[in-house]
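S.K.: So that we are looking at the same thing, I have put the structure below in structure tokens.
Just so it is clear, none of the values below were taken in a lab; they were calculated from the coordinates. All figures in this text were calculated on a predicted structure; none of them were measured in a lab. Cβ coordinates were reconstructed from backbone atoms using ideal geometry, including for glycine residues, and neighbour counts include every protein chain displayed.
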Amino acid sequence: MNYDIERRGLLKFVPPNFLPVTVLVLESTELLPDVRKLLPAARIAFMSPTRTPPIEKLCDETRADLLVGNYLQGQLPTEPKLFELILAQDILSAGDTLYPTLLALNHLLTDSGAMLTRFTESTWTKARLVKLLDDAIYKEIRFMPDGEFWLVKARKCTAEVAALKELFTDETRAELSRLLHRIEYDIDVDENFSRLMELCEREGIFDEYLSDFINQVVVHESAKIFLREHAETFGRVLDFDE
């Protein structure tokens, strides 16, 4: 496969990849051909507010699924974690619908996924954009200059958290989070701590993973101290930031 193409604009953030990654491209037809060249096995969805013969032809040529809808009006898929990459080139000009749209796109990203966009310094500052993306629950925000634009890559999770999430099932992580929150907020503490230890034993949750998970979900220092001290009685050694 020939990857010898110039990666312009948002595609500077997209390295060649032969795996079947899932990609959503919002309205920017000019990106589709090079996305397909860079990601030959990708499952690409292209969203357009209208269905026209030229768009249908382009989707056929680039083997992209056409989704018809206005993403700025909430007409997006509702199923979570569908896409590993979302190219939302012009989303920062969305006006009043920008924040809810950013939240909706975050919902569509896998835990290791990222959204790509761009802005000019005449419309945004880095500090203002970082605050907005942070409020919309994006992490690891990166900027790259590109002519008159600043390119932006914002991940759904930090790489560390994404790696943690891949080790166990959604159900196991949800139960782990539920038990930790109940312990933190003093709800049937002894019973829930016993269930926590049983869960760790049953699912093979090791001390380093449990420590990192606690760092991510437990806020109060007193709860962390309680968890560490009581874990010692089960022969577990927890090491996390207090």
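S.K.: For each of Phe143, Phe213, count neighbouring Cβ atoms within 10 Å of the residue's Cβ, then give the residues from fewest to most.
M.R.: Working: Phe143 15, Phe213 21.
In increasing order of surrounding Cβ atoms, one gets Phe143, Phe213.
S.K.: Here is a further query. Could you work out how far the C-alpha centroid of the range 66-107 sits from that of the range 163-242, in angstrom?
M.R.: Cα centres, the range 66-107 to the range 163-242: 34 Å.
S.K.: Can you find, among Gly74, Gln89, Val218, the residue sitting farthest towards the positive end of the charge dipole of the chain, where Lys and Arg contribute +1 and Asp and Glu -1 at Cβ?
M.R.: Comparing the listed Cα positions along the dipole, Gln89 ranks first.
S.K.: Any idea how far apart Thr29 and Val130 come out in nm if each label point goes 7 Å out from Cα toward Cβ?
M.R.: Placing both labels 7 Å beyond Cα along the Cβ direction yields 3.8 nm.
S.K.: Using 1/(1 + (r/R0)^6) with R0 = 22 angstrom and r between the beta carbons of Leu199 and Thr233, what's the FRET efficiency to the nearest 0.05? Spell out each step's value before the answer.
M.R.: On the way: r = 16 Å, r/R0 = 0.74.
For Leu199 and Thr233, the calculated efficiency is 0.85.
S.K.: With equal scatterers on the alpha carbons only and no solvent term, can you work out the Debye log10 of I(q)/I(0) for the chain at 0.07, 0.09 1/Å?
M.R.: Values returned for q = 0.07, 0.09 Å⁻¹ are -0.31, -0.50.
S.K.: Okay, moving on. Which lysines, on any chain, are close to Lys131 with Cα under 29 Å apart, when same-chain ones fewer than 8 places away are left out?
M.R.: Lys12, Lys81, Lys139, Lys153, Lys156, Lys165, Lys224
S.K.: Taking the Cα of Ala174, stepping 7 Å toward and past its beta carbon, and measuring to each backbone N in the range 61-104: which are under 19 Å?
M.R.: The answer is 78-83.
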